[in-house]
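Have a look at the structure below before the remarks.
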Amino acid sequence: MNDSDEVFLDWLDFVFDERWAHGLQNEDEYLDREDLGIDIDDFVRDCIRLFRNPDILVGRFNPAQLDSGFFSFILSPRMELCWWIWDRNSDADLRRDFILSSVTVFERVFTKVVTQHSCFMWWDALRDFSDDPDSRTADWMFEALSQILAIESDDCRESALHGLGHLRHRGKRKLIEGFLRQNPGCDCRDYALAAIEGRVL
């Protein structure tokens with residue numbers, strides 16, 4: 001193991017510490033990215049490295065730790081990804097890689113480990129609330145969600161439908177209707193129809 005690998009493992013232990021979910025002790029619970037001295041681009045590069053090879057997480061961290069790391073740290077408002085990912089001034093290649101590499105987390109982690117929030121809320125945490133969202137980000141997100149919807153996992157499919165429900169994209173009706181035709185007996189039919197209309201919580 002080289003120094004870079006050791007630094008990365010230390011980063012994983014920091015990110016997937018359950019304290020993020022339960023509140024920090026002897027520190028301000030609302031520490032943000034700048035308080036932690038984290039550069040957003042460097043942070044995203046570490047996330048992409050993890051997302052491309054997430055198998056290291058399974059067995060190293062329990063479901064609560066995974067939920068803490070993903071939902072209460074990486075995807076939390078403190079890291080500001082929900083704004084950065086839609087910012088046209090942010091590095092486009094990094095934004096695209098972050099979105100598309102996350103598919104592997106669903107394929108290799110969320111098909112094996114049940115989390116309380118992370119899988120279902122992943123795309124909710126990254127949704128856009130502006131009147132003029134970046135169409136490139138929407139296209140990349142639609143591409144990722146299309147792949148996740150095809151995974152043979154109820155949790156992953158529900159996450160994809162949840163994300164599609166919040167996404168404004170010209171292709172989502174056709175995608176979801178095609179999914180329903182291919183899966184006529186799925187339990188998520190009502191939710192899928194709600195997602196088409198953007199009526200998901």
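What the phi angles of segment 31-48 give under the Karplus curve with 6.51, -1.76 and 1.60, with θ = phi - 60°, is a coupling list of 4, 9, 4, 5, 4, 7, x, 9, 7, 4, 5, 5, 4, 5, 4, 5, 4, 5 Hz, glycine and proline written as x. Residues in segment 161-177 carry Karplus couplings, in order, of 5, 4, x, 5, x, 8, 8, 8, 8, 4, x, 6, 4, 4, 4, 5, 5 Hz; the curve used is 6.51 cos²θ - 1.76 cosθ + 1.60 with θ = phi - 60°, and Gly or Pro positions show x.
Straightening the chain between Thr111 and Ala64 buys 15.4 nm, computed as 0.36 nm per residue apart minus the Cα-Cα spacing.
Under 20 °C and 1.002 mPa s, how fast does segment 11-113 diffuse according to Stokes-Einstein, given a Kirkwood radius computed over C-alpha pairs? Answer in µm²/s, whole number.
Here the translational diffusion coefficient equals 151 µm²/s.
If exposed chymotrypsin sites (Phe, Trp or Tyr not before Pro) are those in a DSSP loop with at most 14 other Cβ within 10 Å, what is the longest stretch of the chain that has none? Looking at the chain, 31-128 is the longest stretch - no exposed chymotrypsin sites (Phe, Trp or Tyr not before Pro) with at most 14 other Cβ atoms within 10 Å. Taken per residue, the accessible surface of segment 89-201 reaches 50 Å², heavy atoms only and a 1.4 Å probe.
Taking label positions 7 Å along the Cα-Cβ direction at both Asp187 and Phe8, the computed distance is 3.7 nm, reported to one decimal.
One decimal place: the segment Arg170-Asp139 gains 10.2 nm when fully extended, by the rule 0.36 nm per residue minus the C-alpha distance. Which percent of the accessible area of the chain is formed by carbon and sulfur heavy atoms (probe 1.4 angstrom)? Roughly 45 percent of what the probe reaches on the chain is carbon or sulfur.
Taking the Cβ of Leu193 as the center, what net charge do the other residues with Cβ under 11 Å away carry, scoring Lys and Arg +1 and Asp and Glu -1?
Within the 11 Å Cβ shell, the charges total 0.
Enter the Cα centre distance for the pair segment 43-85 and segment 153-186, rounded to the nearest angstrom. Each part reduced to its Cα centre gives a spacing of 24 Å. Rounded to the nearest 500, the 222 nm mean residue ellipticity of the chain from helices alone is -15500 deg cm²/dmol, with -39,500 (n - 2.57) taken per DSSP H run of at least 4 residues. What is the angle, in °, between the Cα long axis of helix 135-149 and the longest principal axis of the Cα atoms in the chain? Nearest 10 is fine, range 0 to 90. Tilt relative to the chain: about 80 degrees. For the chain, a Gaussian network of Cα nodes joined below 10 Å ranks Asp131, Asp39, Asp154 by mean-square fluctuation, and the top entry is Asp131.
Can you tell me the orientation of helix 92-105 relative to the chain, as the angle in degrees between its alpha-carbon axis and the longest Cα principal axis, to the nearest 10? In the chain, helix 92-105 runs at an angle near 80 degrees to the longest axis.
The values are calculated or read from the model by the stated rules, or taken from the named source; none is laboratory data. This one's a predicted model, so the numbers in the text were calculated from it and none came from an experiment. Methodologically, a virtual Cβ is constructed for each residue, glycine included, from the backbone with ideal geometry; neighbour enumeration extends over all protein chains shown. Ligands, DNA and RNA are stripped out before the accessible areas are found, and what is left, the full protein with its side chains, is counted by its heavy atoms. Shrake-Rupley method; radii C 1.70, N 1.55, O 1.52, S 1.80 Å.
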